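Right, one structure below, let's go through it.
Readers should treat all values here as calculations from the given coordinates under stated rules, not as data from a laboratory. These figures come from a predicted structure and were not determined experimentally. Ideal geometry is used to build each Cβ from the backbone, glycine not excepted, and the neighbour counts take in all protein chains shown.
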Amino acid sequence: MNYYSLNKKAPNTSFANAVIKGLAPDRGLYFPESITPLPASFFENIDNKSYTEIAFETIKQFVSPEIPETILKTIIEETLSFDFPIIKLSNDISTLELFHGPTMAFKDVGARFMARCLGYFNKNNDHDVTVLVATSGDTGGAVANGFLNIKGVNVVILYPSGKVSDVQEKQLTTLGQNITALEVDGVFDDCQDMVKKAFLDESLTSKMQLTSANSINVARWLPQLFYFMFAYQQLHKQHDDIVFSIPSGNFGNVCAGMIAQQLGLPIKHFIASNNANNVVTEYLKTKNYMPKPSVQTISNAMDVGNPSNFIRIQEIYKNDFKRLKDNLSSYSYTDNETKAAMLEIYKQYNYIADPHGAVGYLGCKDYLKTHVNTHCVFLETAHPTKFLNVVEAIIDTKLELPQQIKTVINKEKVATQVSTYDDLKTFLLNTI
Ligand SMILES: *Cc1c(COP(=O)(O)O)cnc(C)c1O
């Protein structure tokens with residue numbers, strides 16, 4: 001499959017090159033040249049298929065011929081080595097748990113898939129690729145874990161000192177090997193600015209191949225369409241009209257769900273559930289897209305003021321506001337509403353949601369007010385123990401730590417301190 005740049009000022013390129021480069025030379029995001037719907041028989045027979053068969057059939061067109069089928073099968077089997085259960089809260093609302101991977105956030109799926117693709121493409125190169133990524137929390141852990149020991153790939157993660165949770169910090173600073181953590185004296189935006197500067201710095205990019213591992217990279221983003229298929233497989237016999245409420249930050253998940261829908265998956269509607277960072281909620285109300293600086297919330301993985309994947313969504317609908325609005329609703333919630341929702345979910349359904357999932361739950365509730373005979377699935381994007389202090393305080397209960405978290409929490413943190421872009425550059429040129 002070839003990909004084009006959404007800035008339309010760079011040549012089309014192969015899947016392999018899109019993965020290695022991350023962004024097109026004109027700084028645009030890559031988008032697949034075509035999306036061919038799956039045959040009706042795929043959905044008719046979905047009950048008989050395993051996760052890996054579903055994933056293989058849905059992603060094949062986007063990655064072949066660059067990744068041969070036998071290699072793709074192995075990559076998928078290794079990527080999807082955990083479960084994606086639907087938990088029913090009521091006849092109207094379910095949650096899709098995306099947190100059963102090694103770092104307990106949905107980002108494990110994309111990070112593991114991308115790591116293996118990049119490893120495959122780079123296995124015969126004598127030059128390593130360096131994945132440079134800024135994280136506000138979950139991306140760092142998932143990328144560190146997914147890329148650990150992948151040959152030919154080095155990973156450098158920048159995170160804001162004191163601004164990620166204890167668990168998140170341990171997940172990205174304790175692995176060693178080809179993974180390096182840089183602790184930045186600043187906030188997430190400072191980390192992000194340094195990464196952007198590095199990608200534009202020719203005195204650096206002429207000496208090393210840098211790429212990104214957030215959802216702007218097609219190999220991180222596209223496999224996120226799998227779990228909409230897995231949810232459908234588990235629910236389609238009981239429910240005809242299925243909608244998804246997606247706690248959103250950079251809108252990678254919403255956009256991946258829309259690709260699943262383009263492939264023929266009968267999803268009736270999407271709900272983008274936002275915290276106070278509500279650029280898209282406002283856009284659907286006013287038709288004005290107005291990025292703004294992010295504000296800090298308890299669902300911090302969604303503290304994004306200018307969602308990077310929104311441009312891909314505009315491309316799917318060819319900038320047709322009405323078509324988009326027919327398929328996407330959006331609501332925004334305060335931290336107090338989110339906390340009240342966490343308590344309600346716990347009291348009413350005996351289920352413990354993390355703050356991001358709780359925002360998704362609120363989106364379901366609002367949408368269902370005006371849509372009867374609809375089943376709403378909210379994505380549970382991270383395990384509640386990743387936000388231990390917040391969750392325990394709200395539901396006033398001690399949480400049992402899962403094995404994945406127990407194994408990292410007592411390991412020793414190793415991180416290099418950086419304060420300025422020059423620190424980062426010196427580190428990259430001398431150490432990597
Ligand atoms: C990254 C993340 C999100 C936001 O996902 P996008 O695809 O960027 O919209 C939501 N919840 C959690 C827990 C995350 O880690």
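Once C-alpha pairs closer than 8 Å and six or more residues apart are averaged by separation and normalised to the residue number of the chain, the relative contact order reads 18 percent. Can you give the FRET efficiency to the nearest 0.05 for His236 and Lys292, using r as the Cβ-Cβ distance and R₀ = 60 Å? Given R0 = 60 Å and the Cβ-Cβ separation, E is 0.95. For the chain, a Gaussian network of Cα nodes joined below 10 Å ranks Asn309, Asn48, Asn214 by mean-square fluctuation, and the top entry is Asn48. Judged by the ratio a/c of the largest to the smallest principal axis of the C-alpha gyration tensor, the chain counts as rounded, that ratio being less than 1.5. So if we plug the beta-carbon distance of Asp335 and Lys406 into 1/(1 + (r/R0)^6) with R0 = 22 Å, what FRET efficiency do we get, rounded to 0.05? Once the sixth-power term is evaluated, E becomes 0.15.
Taking every C-alpha pair closer than 8 Å and separated by at least 6 residues, the mean separation divided by the residue count of segment 26-111 gives a relative contact order of 17 percent. For Lys347 and Ser206, the FRET efficiency from 1/(1 + (r/R0)^6), where r spans their Cβ atoms and R0 equals 56 Å, is about 0.45. Note on the chain: GNM, Cα springs under 10 Å; of Phe15, Phe43, Phe378, the largest mean-square fluctuation is that of Phe43. Site pair Asn373 and Asn389 shows an inter-label distance of 4.9 nm when each label is modelled 7 Å from Cα along Cα→Cβ. Estimated from helices alone, the mean residue ellipticity of the chain at 222 nm is -12500 deg cm²/dmol (sum of -39500 (n - 2.57) over DSSP H runs with n ≥ 4, per residue). Between Asn48 and Lys151, the contour length at 0.36 nm per residue exceeds the alpha carbon distance by 33.5 nm. Could you please state, rounded to a whole Å, how far the C-alpha centre of segment 256-315 is from the C-alpha centre of segment 52-70? Value for the Cα centre distance between the two parts: 27 Å. Rounded, prolate or oblate: which one fits segment 330-371, using the alpha carbon gyration tensor with axes a ≥ b ≥ c (rounded when a/c is under 1.5, else prolate when a/b beats b/c, else oblate)? Note, shape of segment 330-371 comes out oblate.
Ordering Trp221, Leu182, Thr211 by Cα displacement along the dipole of segment 182-232 toward the positive end leaves Trp221 in first place; charges were set at the Cβ atoms of Lys, Arg (+1) and Asp, Glu (-1). In this simple spin-label approximation, Ser41 and Asp189 carry label points 7 Å from Cα along the Cα→Cβ vector, and these lie 5.5 nm apart. Relative to its residue count, segment 159-298 spans a Cα convex hull of 180 Å³ per residue.
For the chain, the Cys residues with no second cysteine's beta carbon closer than 4.7 Å are Cys117, Cys191, Cys255.
Rounded to two decimals, what is Rg over Rh for segment 15-144 when you use alpha-carbon atoms and the Kirkwood radius? Ratio of gyration radius to Kirkwood radius: 0.99.
For segment 209-280, the relative contact order comes to 35 percent (Cα pairs under 8 Å, sequence separation of at least 6).
Size descriptors for segment 5-49, from the alpha-carbon set: Rg then Dmax equal 15.6, 44 Å.
Between Ser165, Ser136, Ser90, the GNM of the chain built on Cα springs shorter than 10 angstrom shows Ser90 fluctuating the most.
Look at His239, His375 and count the other Cβ atoms within 10 Å of each Cβ; fewest to most, that gives His239, His375.
Using a 10 Å Cβ count of at most 14 others and DSSP loop calls, identify the longest part of the chain lacking such trypsin sites (Lys or Arg not before Pro).
The longest such stretch corresponds to 28-122.
Per the Debye formula on identical point scatterers at the alpha carbon atoms of segment 258-378, with no solvent, log10 I(q)/I(0) at q = 0.14 Å⁻¹ is -0.64. Cα centroids of segment 155-194 and segment 334-369: 29 Å apart. For segment 374-432, what class follows from the C-alpha gyration tensor (a ≥ b ≥ c being the square roots of its eigenvalues): rounded when a/c is under 1.5, otherwise prolate if a/b is larger than b/c, else oblate? Because a/c hits 1.5 or more and a/b exceeds b/c, segment 374-432 counts as prolate.
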